[in-house]
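Report on the structure given below.
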Amino acid sequence: IDWAQMSGGSDLAYSESRHKDFKEATRLLTLAAKSDVKEAIHHLALLYEYDIIPYNIQAGSMSKERNPEKHNQQYHNMKKAADLYKQGSALGSAESTYNLGLMFAYGRGLQQNFIAATDMFRKAAVIHNHAPSMRYLGILAVSTYGFEEESSPDYKKGLFWFSKCAALHEENISNLCWNDKNQLEKMFQYANEEKTRKIDILRSRNK
């Protein structure tokens, strides 16, 4: 029953119909979420994060009144989404863990925190073999976000995560990781060639 509620709620929420029944979708997803169905929790979080659910919607009822200040609605929905992603992550949802990492990384609904974002991406990557999280770990490693303030880019760690992501052969995301991996490998090759060239110059001068 819980799975049926989740599926029904998802179908209503993402229907291509012009008359999307978000009231009913929210009701079904909320019922399933109360039973700790992680997929329902994740879909409900998405509806809140992307501001699809009106500010004051309640499961089972929808008022036509809305907060006149749009940013208040967005703030409320972002906070709600973050809480739901945390709940989904605790229940083992890779997607919720990943989206929570994104919220930390971009400061959406949560205070921007690259270390917390890195922790979320690592959790999704290590436990769930989640390709998009692996790519973000690679990006964070080569940009030093999520690491100590004085740290240098860790290109080897970046190459490690890009390679793992690419090896999963998942459509779209793995192609991006292949490109990232190839760019880093070319950079390593160039650096090694430059190092060799400089060593040869020094040796020739010492002869």
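Structural remarks
- Against the test of being open to solvent by less than 50 Å² (accessible area, probe 1.4 Å) and either modelled with pLDDT under 85 or on the phi > 0 side of the Ramachandran plot (or both), the options Ser61, Ser7, Ser96, Ser89 yield a single qualifying residue, Ser7.
- Among the residues making up the range 126-144, those that are more than 16 Å from His169 (Cβ to Cβ) and not hydroxyl-bearing (Ser, Thr, Tyr) are Val126, Ile127, His128, Leu137, Gly138, Ile139, Leu140, Ala141, Val142.
- Evaluation of Asp83 against (1) touching an Asp or Glu at 6+ places or on another chain (Cβ under 8 Å); (2) assigned to a helix (DSSP H, G or I); (3) not polar (S, T, N, Q) (one fails), failing number: (1)
- Selection count, the range 172-182, where residues are surrounded by fewer than 14 Cβ atoms within 10 Å (Cβ to Cβ) and more than 17 Å from the chain's Cα centre (by Cα): 3
- The set of residues from the range 106-128 being of a type in the set (A, V, I, L, M, F, W, C) and open to solvent by 10 Å² or more (accessible area, probe 1.4 Å) comprises Leu110, Phe114, Ile115, Ala116, Met120, Val126, Ile127.
- When residues of the range 38-50 are limited to those that are surrounded by fewer than 22 Cβ atoms within 10 Å (Cβ to Cβ) and modelled with pLDDT of 90 or more, the one nearest to Leu91 (Cα to Cα): Lys38
- Residues within the range 183-198 that are open to solvent by 80 Å² or more (accessible area, probe 1.4 Å) and not polar (S, T, N, Q), tallied: 6
- Within the set Tyr155, Tyr136, the sole residue that is open to solvent by 70 Å² or more (accessible area, probe 1.4 Å) and of a type outside the set (D, E, K, R) turns out to be Tyr155.
- Any hit, the range 179-201, residues being modelled with pLDDT of 90 or more, within 30 Å of Glu39 (Cβ to Cβ) and part of a helix (DSSP H, G or I): yes
- Of all residues in the range 105-120, those that are within 9 Å of the chain's Cα centre (by Cα) and closer than 19 Å to His43 by Cα total 1.
The values are calculated or read from the model by the stated rules, or taken from the named source; none is laboratory data. This one's a predicted model, so the numbers in the text were calculated from it and none came from an experiment. Backbone-built Cβ (ideal geometry, glycine too); neighbour counts: all protein chains shown. In case anyone asks, the SASA skips ligands and DNA or RNA and just uses the protein heavy atoms, side chains included. Shrake-Rupley method; radii C 1.70, N 1.55, O 1.52, S 1.80 Å.
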